[in-house]
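Enquirer: Sending over a structure as structure tokens; questions will come in a sec.
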């Protein structure tokens, strides 16, 4: 089977399967010969910031001299992005080899009455097969949806569990309140396994502590006062931590989003949990400074940012970040229908300095119709709203009309991926 055929098969999975239980995933991993106990797993759940925390932990583990497998989702441009070994995405050949291994075993098990894995479950098993073959010492796993019932929660004995910021997202599956969502995220907690989480608010914090206590997991909250932002420039943000463990080190991150400091603090606490006094702080410092996580306030061209903010809490953090900048702005937005896009738009309309909103329609069956997006924007703002029926047309428009404005593109990771793919084509009229 070719790489293209493998990707097409995986993308077609949602059409013929349904959600399976964790026992299903465990049985498949066992049949594939994945020996979980040979890997030290860092398991990361949360609403926003999961991918960034995973990237930070992965970078610092490698700086610590460890072999690491990294599994994240979704991908922005190519599916290989989801499976990274030693800081390198698996090749098309490695991806196809892992696919064929899982595909063959699934076929054998289906003939015995075993149901087909879901899209996410299939790719997760591919990742674990790849990590097992590479004999990595550490695996960093990002949950896909929730935590308690997520396929990655089939891992029974991680080395550390992490819960990032909690917000209202995926309410159809996780619950209507932040507390209900927090309970699902905290479902990754395991007996005796340290849980590190970011202070979010009394409601969700209490739920996380309660769930950890129920299973006998030691719990560490990273408070907002645990760090101090020292400097924010156009390209970097510098901060320090109040803990004596880190001394007077000044840490730096690429990018200017304050919420990334929270994610870095979580990642640092994971490393402290894993290595204690054996940590190589200077190496961690350099590793953090070099991390650039695609699609997260990523400057793809001068003063043109692509951001994956795709729920209300993420858009609120985005607005907080850019409001402090004195600049003229253009915002490109699109969303899928199962998100609270009206609330997201309301947040964006409160952002000062925007003199033009551009709306477009995603190439996805769940996409919000562009005329609906236009309608909501026009109801909430008197500023110009430009309608482009495809991301390609929208991309061309912002490139041709940017002028001296800063452009921010957000609302969906699908949009971020499409724009990055078009930008990689290298032409203004890419994809037409």
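Read-outs: derived from the displayed coordinates by stated rules, not from any lab. All values reported here derive from a predicted model rather than from experimental measurement. We place every Cβ from the backbone using ideal geometry, glycine too, and count neighbours over all the protein chains shown.
Enquirer: Highest mean first, what order results for 353-365, 276-288 on Cβ atoms within 10 Å?
Expert: Descending packing order for the listed peptides: 353-365, 276-288.
Enquirer: Considering the convex hull of the alpha carbon atoms of region 3-55, report its projected area averaged over all viewing directions, in nm², one decimal.
Expert: One quarter of the hull surface, i.e. the mean projection, equals 6.0 nm².
Enquirer: Turning to a different aspect of this structure: At 25 °C and 0.890 mPa s, what whole-number value in µm²/s does Stokes-Einstein give for the translational diffusion of the chain, with Rh from the Kirkwood sum over Cα pairs?
Expert: Diffusion coefficient, whole number: 110 µm²/s.
Enquirer: Mind giving me the nanometre distance, one decimal, between the label points for residue 92 and residue 340, set 7 Å out from Cα along Cα→Cβ?
Expert: Between residue 92 and residue 340, the label points sit 4.3 nm apart.
Enquirer: Sticking with this structure for a sec: Given the options 132, 243, 115, state which has the largest fluctuation in a GNM of the chain using a 10 Å cut-off (strictly under) for Cα springs.
Expert: Evaluated over the chain, the most mobile residue of the options is 243.
Enquirer: Quick check: Cα centre of region 206-283 to Cα centre of region 364-409, how many Å?
Expert: 36
Enquirer: If you take all C-alpha pairs in region 321-362, what percent of them are over 15 Å apart?
Expert: Distances greater than 15 Å cover 45 percent of the Cα pairs.
Enquirer: A further question follows. Listing 250, 381, 47 from the residue with the fewest other Cβ atoms within 10 Å to the one with the most, what is the order?
Expert: 250, 381, 47
Enquirer: Two decimals, Cα atoms only, Kirkwood Rh: what is Rg/Rh over region 338-420?
Expert: Rg/Rh for region 338-420 comes to 0.92.
Enquirer: Expressed in nm to one decimal, what extension gain is obtained for the pair residue 364 and residue 250 from 0.36 nm per residue of sequence separation less their Cα-Cα distance?
Expert: 36.7 nm is the gain from fully extending residue 364 to residue 250.
Enquirer: What is the order of 399, 332, 348, fewest Cβ neighbours within 10 Å to most?
Expert: 399, 348, 332
Enquirer: So, one more: Sorting 177, 72 on the 10 Å Cβ count, fewest up front, what's the list?
Expert: In order of increasing Cβ crowding within 10 Å: 177, 72.
Enquirer: Separate question: Between residue 215 and residue 374, 0.36 nm times their residue separation minus their Cα-Cα distance comes to what?
Expert: Taking residue 215 through residue 374 to full extension adds about 52.4 nm, to one decimal.
Enquirer: Just need the relative contact order of the chain here, percent rounded to a whole number, with Cα pairs under 8 Å and 6+ apart.
Expert: 15
Enquirer: A further question follows. With labels modelled as points extended 7 Å from the Cα through the Cβ direction, what inter-label distance (nm, one decimal) is found for residue 286 paired with residue 230?
Expert: Modelled inter-label distance: 1.8 nm.
Enquirer: Relative contact order for region 298-424 using alpha-carbon pairs under 8 Å, separation at least 6, rounded to a whole percent?
Expert: Over region 298-424, the number comes to 37 percent.
Enquirer: Compute the length gained on full extension between residue 115 and residue 100: take 0.36 nm times their separation in residues and subtract their Cα-Cα distance, giving the result in nm to one decimal.
Expert: Roughly 3.6 nm would be gained on extension.
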